[in-house]
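Values quoted throughout were computed directly from the atomic coordinates according to the rules given, and no laboratory measurement underlies them. If you're wondering where the values come from, they're calculated on a predicted model, not measured in any experiment. Heads up, the Cβs are rebuilt from the backbone with ideal geometry, glycines too, and the neighbour counts pull from every protein chain shown.
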Amino acid sequence: MNLVLSDEQEMVRTAARDFVASRSSLKRIRALRDAGEFSRDLWREMADLGWLGLTAPEELGGSGLGYVAQMLVLEELGRGLCPEPFLSTILLGQAAILFGGSAAQRNELLPQVASGEKLVALACDEEGGRFELDHVTTKATPTGAGFTLRGTKGHVLGGASADLLVVTAMAGETLDLFLVPANGVGVERERERRLDGRDAAEVRLYGVEVPAAARLEGGLPLLRRVVDRATIGLGAEMLGAMSAAFQMTLDYLKTRVQFGVPIGSFQALQHRAARLFVEIELARSAVWRAHALLDEPADLCTDDAVARAASVAKAKCSETIMLVAHEAIQMHGGIGMTDEHDIGLFVKRARVAEMTFGDALFHRDRFAALNGF
Amino acid sequence: MLDAFREEVRHWLQKNAPPRMRTPLAHPDEVCWGGKKLQYPEDVVRWRDVMAERGFTAPTWPKAYGGGGLSKDEARALAEEMAALSLRPPLVGFGLSMIGPLLLQEGSEELKRRHLPSIIKGEIRWCQGYSEPGAGSDLASLATRAKRDGSDFVLNGQKIWTSYGDKADWMFILVRTNPTGKKQDGITFLLMDMATPGVAVKPIRLISGASPFCETFLQDVRVPIANVVGEVDHGWAIARALLGHERTMIADVFKEKGDFERMVAAAKASLGLVERRVADPVVRDRMAQLEIDQSCFDDTLARARDGAQAGHKPGHESSIFKYYGTELNQRRRDLMMTILGPQATGWEGPGYDDGELKATRDWLRSRGNTIEGGTSEVQLNIIAKRVLGLPNVT
């Protein structure tokens with residue numbers, strides 16, 4: 001497992017960096033935030049670039065370039081704070097269908113996902129569950145032809161815009177995942193207004209009828225596998241966001257003059273900046289290692305190894321992104337507190353990302369449990 | 001070609017390595033540092049000598065000076081074959097790691113011929129004379145005076161923190177040859193025989209007990225001008241090149257194998273279990289945080305190593321190793337004290353077992369990690385200025 005980029009991966013990174021620089025300004029992000037939207041046009045452009053199928057096999061519309069390539073795209077999207085639904089549709093939705101779908105479901109749905117036509121969301125959070133994936137009270141009651149789903153899901157990422165939902169529910173004592181058309185009879189969705197302005201929704205299921213074939217294969221282990229991989233991907237997005245926030249802060253330290261000198265010449269601020277740099281480089285290593293693991297063959301890339309790598313990456317990224325966010329405001333001074341300045345956009349995304357799939361405390365506790373202490 | 005070399009070396013190593021040299025070191029002191037002042041067991045000496053004869057103690061150094069004359073690929077093959085047989089290093093020390101490479105780069109032909117062969121054979125052990133009581137982080141303000149007298153310099157002053165000064169035969173030393181002008185100018189890099197009259201060495205006892213550090217006192221010590229490396233008054237650049245080397249070495253040396261397993265075992269024993277986990281969730285969290293940071297740090301080292309092997313220039317990540325590696329080690333030793341509780345208070349037995357006593361000494365010793373080889377604050381200055389490009393105070 002080598003931590004060096006191949007030429008092909010370097011090309012993906014350059015393309016992603018150029019794309020974000022030319023197609024996605026922070027002005028765009030601000031406008032989308034205020035409207036609570038993302039750009040369908042940009043999403044289709046990403047599909048045309050092949051980014052929506054980097055980890056999907058070629059016969060299902062993907063390119064199979066792999067997780068490290070996907071990491072590079074995610075990092076650049078994170079740098080630009082792009083709100084397009086990569087996390088919900090690709091990291092969660094696509095993965096759930098890829099790992100848990102029948103051949104028919106994969107053949108039908110995955111090409112539509114990779115082409116950007118279909119948006120998917122995973123509805124797995126419930127009130128009081130905090131970060132525990134097995135806290136599920138939504139019920140799947142067997143009927144003659146399938147199941148009836150009843151319950152309420154919160155913080156469904158991409159839930160307002162999704163075409164298709166993957167819903168966790170208890171079928172008796174067993175946690176299962178079901179594909180549910182987002183506009184189906186008995187599905188009610190209400191947009192949540194979150195800090196980062198991105199699409200999230202509360203989803204209420206009032207006796208939604210689904211056929212038996214809507215049940216994905218795999219239950220709780222499938223859910224964990226999907227969420228662990230998405231957690232690693234989220235780490236890459238967070239890495240991009242924290243790098244950009246740090247760069248913005250560094251630029252400010254070099255240009256803001258007080259007491260007749262750039263404030264970046266003060267040792268108190270230099271050392272704080274240097275510490276941020278160190279922490280970000282450590283986070284980068286964790287994220288990279290985890291993605292490299294996902295590109296390894298199955299005997300190395302076990303669910304257990306992925307779980308550990310996910311917890312290392314997410315614990316480190318959650319801790320570091322909040323450190324960077326808070327330090328960024330402090331080093332910007334008063335201007336950093338204004339809504340007009342872009343650093344606040346990063347601070348708000350940082351908090352939401354930190355709380356997605358478990359914060360640092362949660363993942364440190366899980367890491368300890370996985371390592372037998 | 002390389003395969004033939006590998007094949008030949010494998011057989012040669014198998015034939016020549018004494019049996020005990022194929023087992024892990026039982027104690028760090030078992031490794032051979034060479035020199036005239038210490039006696040080593042017969043098989044350690046035999047292993048060193050047989051390797052030195054082929055120049056394999058310094059595999060890539062030119063044959064003309066007694067080195068192995070190997071290409072980089074051959075040297076890697078040798079290292080891999082040695083690792084495959086679990087062979088101990090035949091010789092270590094500042095001669096091989098510091099002054100030798102420097103002489104190869106900067107030394108005159110005469111100095112190379114005089115010193116490199118004895119380094120390769122392990123006959124002479126070297127120490128470094130940099131820091132002074134008044135010149136620590138601000139090394140360039142060093143004041144050990146060297147005045148010309150005929151064909152000699154006459155040295156007067158004091159060096160401190162000389163690692164293994166009492167066991168070394170020669171010292172590479174920074175002296176002030178010109179006290180006027182900018183402090184970085186007027187420094188000269190000299191090679192000094194520790195047996196010269198006027199040299200006195202005294203070991204330093206640390207808060208953690210005995211240590212390899214010494215003070216070195218110099219009173220009217222005569223060193224031939226012929227022993228200057230580079231040019232008189234222009235030793236600072238040479239000294240700095242060596243310091244960078246030292247900082248990369250320091251980053252990775254603290255972690256001992258099994259550190260974390262020992263910590264988990266100690267935590268379970270000292271704090272008890274709840275559902276087979278360490279009972280105290282606060283300590284658990286700190287342990288996880290430490291181990292996660294260690295894992296991130298190890299991967300950052302791996303990133304630098306993989307990049308170097310792929311022929312990339314050292315990236316920004318390499319500047320963080322000294323800073324972060326030492327901070328991590330301090331956190332590890334301190335957390336161990338928290339875990340041991342009252343059993344962390346022992347200095348000697350009885351009442352405390354060896355592991356507890358070692359943990360306490362390790363904690364005390366670790367406080368020096370963020371000072372020696374460039375303080376954390378100096379490292380942060382370097383990152384801020386050279387990596388981040390933050391401005392100097394004007």
Practice problem: Can you pull the one-decimal nm distance between simple spin-label points at A:N107 and B:I371, each 7 Å off the Cα toward Cβ? | Solution: 7.3
Quiz prompt | Percent RCO, i.e. relative contact order, over chain A, from Cα pairs under 8 Å lying at least 6 residues apart | solution = 16
Practice problem: Quick one: order A:C82, A:C317 by neighbouring beta-carbon count within 10 Å, fewest to most. | Solution: A:C82, A:C317
Quiz prompt | Rg(Cα)/(2.2 N^0.38 Å) for the range B:180-224, N = residue count | solution = 1.56
Quiz item: Which angle between 0 and 90 degrees, to the nearest 10, do you get for helix B:2-16 versus the longest principal axis of chain B when only C-alpha atoms count?
Solution: 80
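Give the average over all directions of the projected area of the C-alpha convex hull of chain B, one decimal, in nm².
Quarter of the Cα hull surface area: 23.6 nm².
Nearest 5 percent is fine: what portion of the DSSP beta bridges confined to chain A is antiparallel?
Here the antiparallel bridges make up roughly 85 percent for chain A.
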Quiz item: In units of 2.2 N^0.38 Å, what is the alpha-carbon radius of gyration of the range B:124-260?
Solution: 1.09
Exercise. At 7 Å along the Cα-to-beta-carbon direction for both B:I225 and A:D7, put a label point, then send me their distance in nm to one decimal.
Key: 5.7
Self-check item: Cβ-derived FRET efficiency at R0 30 Å, B:E275 paired with A:M355, nearest 0.05
Solution: 0.70
Practice problem: Just need the relative contact order of the range A:111-261 here, percent rounded to a whole number, with Cα pairs under 8 Å and 6+ apart. | Solution: 21
Quiz item: Based solely on its DSSP helices, what 222 nm [θ] is calculated for the protein assembly as shown when runs of n ≥ 4 H residues each add -39,500 (n - 2.57) and the sum is averaged over all residues, nearest 500 deg cm²/dmol?
Solution: -14500 deg cm²/dmol
Quiz item: Measuring from centroid to centroid over Cα atoms, what is the spacing of the range B:271-322 and the range B:88-105 in Å?
Solution: 29
Quiz prompt | Distance-filtered residues of the range A:250-288 - backbone nitrogen under 19 Å, label point 7 angstrom along A:A21 Cα→Cβ | solution = A:250-252
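Once you compute Rg and the Kirkwood Rh from C-alpha atoms, what is the Rg to Rh ratio for the range A:131-263? Mind dumping the intermediate values first?
Working: Rg = 21.0 Å, Rh = 17.4 Å.
Expressed as Rg/Rh, it is 1.21.
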Self-check item: Scattering profile of the range B:2-160 at q = 0.18, 0.20 Å⁻¹ [log10 I(q)/I(0), Debye over alpha-carbon scatterers]
Solution: -1.12, -1.28
Practice problem: Let me know the Rg and Dmax you get for the range A:1-145 when you use only its Cα atoms, in Å. | Solution: 17.2, 55
Quiz prompt | Spread of Cα-to-Cα distances over 10 Å intervals beginning at zero, given as percent, for the range A:151-204 | solution = 25, 52, 21, 3
Practice problem: Please check which bits of the range B:362-394 a label hung off A:F259 would reach, taking the label as a point 7 Å along Cα-to-C-beta and the cut-off as backbone N under 15 Å. | Solution: B:391-394
Self-check item: Euclidean distance of C-alpha centroids, the range B:164-197 and the range A:210-255, integer Å
Solution: 55
Quiz item: Which whole-number percent gives the relative contact order of chain B, counting Cα pairs below 8 Å spaced six or more residues apart?
Solution: 11
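Between B:T180 and B:E42, what FRET efficiency comes out of the Förster formula 1/(1 + (r/R0)^6) with R0 = 56 Å and r the beta carbon distance, rounded to 0.05?
Details: r = 55 Å, r/R0 = 0.97.
After rounding, the FRET efficiency stands at 0.55.
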Quiz item: Taking the alpha-carbon set of the range A:75-154, what are its Rg and Dmax in Å?
Solution: 15.4, 50
Quiz item: Angle between the Cα long axis of helix B:281-309 and the longest principal axis of chain B, 0 to 90 degrees, nearest 10?
Solution: 40
Practice problem: Mind computing the radius of gyration and Dmax over the alpha-carbon atoms of the range A:221-347? Å is fine for both. | Solution: 17.5, 61
Quiz prompt | Descending Cα extents along the principal axes, the range B:230-389, whole Å | solution = 61, 35, 26
Exercise. Using a cut-off of 15 Å between beta-carbons, work out the net charge of the residues near A:D359 (Lys and Arg +1, Asp and Glu -1, A:D359 not included).
Key: +1
Quiz item: What fraction, in whole percent, of alpha-carbon pairs in the range B:329-394 exceed 15 Å separation?
Solution: 61
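Taking 0.36 nm per intervening residue step and subtracting the Cα-Cα distance, what contour gain separates B:A143 from B:D73 on full extension?
20.8 nm
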Practice problem: Identify all lysines with a Cα-Cα distance to B:K257 below 18 Å; exclude those on the same chain that are fewer than 8 residues away in sequence. | Solution: B:K358
Quiz item: In degrees, nearest 10, range 0 to 90: what is the angle between the Cα axis of helix B:236-251 and the longest Cα principal axis of chain B?
Solution: 20
Quiz item: Taking Cα atoms of the range B:1-40, Rg/Rh with Kirkwood Rh, to two decimals?
Solution: 1.14
Self-check item: Inter-label distance, nm, simple model (7 Å from Cα along the C-beta direction), A:R40/B:L25
Solution: 6.7
Quiz item: So for chain A, what are the equivalent ellipsoid semi-axes in whole Å, largest first, each being the square root of 5 times an eigenvalue of the Cα gyration tensor?
Solution: 35, 22, 20
Quiz item: Of B:W347, A:W288, B:W236, how do they rank once you tally other Cβ atoms within 10 Å and put the fewest first?
Solution: B:W347, B:W236, A:W288
